[in-house]
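Q: Here it is, the structure, as structure tokens.
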């Protein structure tokens with residue numbers, strides 16, 4: 001929703017605090033307001049900039065991967081085992097779509 005025109009309301013109906021990762025998107029340049037632990041308001045479009053990120057869980061992790069692909073510059077996402085739990089070989093799947101993404105080992 002950071003790339004859509006206008007305001008969007010995202011409402012997480014089950015888990016309180018699931019949207020806390022949006023602070024990382026704001027750090028990248030997004031314009032997201034935490035209305036309460038279940039809802040955020042996203043104003044777009046915004047330009048996103050590269051950042052060093054830490055994936056807190058599966059859903060947030062894939063959102064961070066997509067944001068990093070949109071962002072200008074090179075982002076690094078740590079704690080990717082969270083992403084791997086739900087998306088097998090995600091880097092290969094995105095590469096097939098033309099994404100410049102790779103897995104690095106420390």
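Q: So which residues in the stretch 32-67 are touching a strand residue (DSSP E or B) at 6+ places or on another chain (Cβ under 6 Å), farther than 21 Å from residue 17 by Cβ and not in a strand (DSSP E or B), if there are any at all?
A: Listed by number, the list holds a single entry, 46.
Q: All but one of (1) at positive phi; (2) modelled with pLDDT under 95 hold for residue 29; state the number of the condition that does not hold.
A: (2)
Q: Which condition from (1) assigned to a helix (DSSP H, G or I); (2) touching a helix residue (DSSP H, G or I) at 6+ places or on another chain (Cβ under 8 Å) is the one that residue 22 breaks?
A: Here residue 22 meets the rest and fails (2).
Q: Here's a follow-up. Looking at (1) touching a helix residue (DSSP H, G or I) at 6+ places or on another chain (Cβ under 8 Å); (2) at pLDDT 95 or above; (3) surrounded by fewer than 16 Cβ atoms within 10 Å (Cβ to Cβ), which is the only condition residue 47 fails?
A: (1)
Q: Can I ask one more? Give just the number: which of (1) surrounded by 12 or more Cβ atoms within 10 Å (Cβ to Cβ); (2) in contact with a strand residue (DSSP E or B) (Cβ under 9 Å, 6 or more places away or on another chain); (3) in contact (Cβ under 8 Å) with a residue 24 or more places away in the chain does residue 70 not satisfy?
A: With (1) surrounded by 12 or more Cβ atoms within 10 Å (Cβ to Cβ); (2) in contact with a strand residue (DSSP E or B) (Cβ under 9 Å, 6 or more places away or on another chain); (3) in contact (Cβ under 8 Å) with a residue 24 or more places away in the chain applied to residue 70, the lone miss is (2).
Q: Which of the residues spanning the stretch 52-68 are more than 19 Å from residue 15 (Cα to Cα) and in contact with a helix residue (DSSP H, G or I) (Cβ under 7 Å, 6 or more places away or on another chain)?
A: 53, 65, 67
Q: Tell me yes or no: at least one residue of the stretch 2-16 is within 18 Å of residue 68 (Cβ to Cβ) and either surrounded by 13 or more Cβ atoms within 10 Å (Cβ to Cβ) or in contact with a helix residue (DSSP H, G or I) (Cβ under 8 Å, 6 or more places away or on another chain) (or both).
A: Scanning the stretch 2-16 turns up at least one residue that is within 18 Å of residue 68 (Cβ to Cβ) and either surrounded by 13 or more Cβ atoms within 10 Å (Cβ to Cβ) or in contact with a helix residue (DSSP H, G or I) (Cβ under 8 Å, 6 or more places away or on another chain) (or both).
Q: Sticking with this structure for a sec: May I ask you to verify whether residue 15 is over 22 Å from residue 104 (Cα atoms) and without any contact (Cβ under 8 Å) to a residue 12 or more places away in the chain?
A: yes
Q: Can you tell me how many residues in the stretch 22-44 are in contact (Cβ under 8 Å) with a residue 40 or more places away in the chain and buried (at least 20 other Cβ atoms within 10 Å of the Cβ)?
A: Of the residues in the stretch 22-44, 4 are in contact (Cβ under 8 Å) with a residue 40 or more places away in the chain and buried (at least 20 other Cβ atoms within 10 Å of the Cβ).
Q: Here is a follow-up. Kindly provide the set of residues from the stretch 73-83 that are assigned to a helix (DSSP H, G or I) and crowded, with 16+ Cβ neighbours inside 10 Å, ordered by number.
A: Once the filter is applied, which keeps residues that are assigned to a helix (DSSP H, G or I) and crowded, with 16+ Cβ neighbours inside 10 Å, the stretch 73-83 yields 82, 83.
The values are calculated or read from the model by the stated rules, or taken from the named source; none is laboratory data. Remember, it's a predicted structure, so these values are computed and weren't measured experimentally. When we count neighbours, we look across all protein chains shown, and the Cβ atoms used for this are built from the backbone with ideal geometry, even at glycine.
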